[in-house]
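In what follows, a single structure is set out as structure tokens and then discussed.
Since every read-out is calculated from the coordinates, none of them should be taken as a lab result. Source: prediction; values computed, not measured. Cβ sites come from the backbone with ideal geometry, for glycine too, and all protein chains shown count toward neighbours.
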Amino acid sequence: MGIGLNELVFASFKQTARHGGDQWWLYVSTCLACRQSWMVAQDERIYDNFYLRRLTASVVKEIEAFDLWPEEFLTYERVLALGKATGISWRFDDPQCPALVDTAEDLRRERPDITVEEIANLLAIPAHQAARLLV
């Protein structure tokens, strides 16, 4: 969103539901100006992006009443794939930095059969570096 723009946009949002648990990146916010609700996935570790989906009132009710969330952002793998698709990736000075290690471990926990190559692709790092993250 650009430097500082995210603070400006999110200043008008009020968080109304949080997924929590294993989906720590996922929540619902409502714009205080227009009352539109949004599902927000926040990736602060790898691509430093926010991903938003406009929600209808009926979907918000399903989330609040039954904890039924739309699937777009339910796995961190899906969120990272969106970040990868932007074409902008960051370089980490420390090849074993906690953000990379924790994310690789989270991806493996979410999907135990995920390959090192898939993790490397999602993190935009070489496969040999991804393999070292999982040791």
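For ARG111, ARG35, what's the fewest-to-most ordering of other Cβ within 10 Å of each Cβ?
ARG35, ARG111
Could you point to the residue in THR86, LEU100, ALA33 farthest towards the positive end of the chain's charge dipole, with +1 and -1 charges on the Cβ of Lys/Arg and Asp/Glu respectively?
Going by the Cα projections, it comes out as ALA33.
Mind pulling the angle between the C-alpha long axis of helix 76-85 and the longest principal axis of the chain? Nearest 10 degrees, somewhere in 0 to 90.
Around 80 degrees separate the two axes.
For ASN121 and LYS84, compute 0.36 nm times the residue count separating them, minus their Cα-Cα distance, and round to one decimal in nm.
So the extension gain works out to 12.5 nm.
Between the range 6-25 and the range 36-114, how far is it from one alpha carbon centroid to the other, in angstrom?
Answer, in whole Å: 12.
Grab the DSSP H runs of the chain that are 4 residues or longer, score each as -39,500 (n - 2.57), total them, divide by all residues and round the 222 nm result to the nearest 500 deg cm²/dmol.
Taken over the chain, the calculation gives -11500 deg cm²/dmol.
For ARG132 and ASP48 in the same chain, what is the full-extension length gain: residue separation times 0.36 nm, less their Cα-Cα distance, in nm?
Using 0.36 nm per residue and subtracting the Cα-Cα distance, I get 28.0 nm.
Compute the long axis of helix 57-66 from its Cα atoms, compare it with the longest principal axis of the Cα atoms of the chain, and write down the angle in degrees, 0 to 90, nearest 10.
The helix 57-66 is inclined about 70 degrees to the chain.
Could you give the spread of the C-alpha atoms of the chain along their three principal axes, from largest to smallest, in whole angstroms?
47, 34, 22
For the range 1-105, run through the GluC sites (Glu not before Pro) and keep only the ones in DSSP coil with at most 16 other Cβ atoms within 10 Å of their Cβ.
Taking the range 1-105 and a limit of 16 other Cβ atoms within 10 Å, the loop GluC sites (Glu not before Pro) found are GLU44, GLU71, GLU72.
Separation between the ASP22 and GLU105 pseudo-spin-labels, each 7 Å from Cα along Cα→Cβ, expressed in nm?
Simple spin-label model gives 1.6 nm for this pair.
What residue among LEU107, LEU123, LEU32 has the largest mean-square fluctuation in a Gaussian network model of the chain, using Cα springs under 10 Å?
LEU32
Over the chain, calculate the relative contact order: mean separation of alpha carbon pairs under 8 Å at least 6 apart, over the residue count, as a percent.
16
With a cut-off of 8 Å between alpha carbons and a minimum separation of six or more residues, what is the relative contact order of the range 5-69 in percent?
Reported relative contact order: 21 percent.
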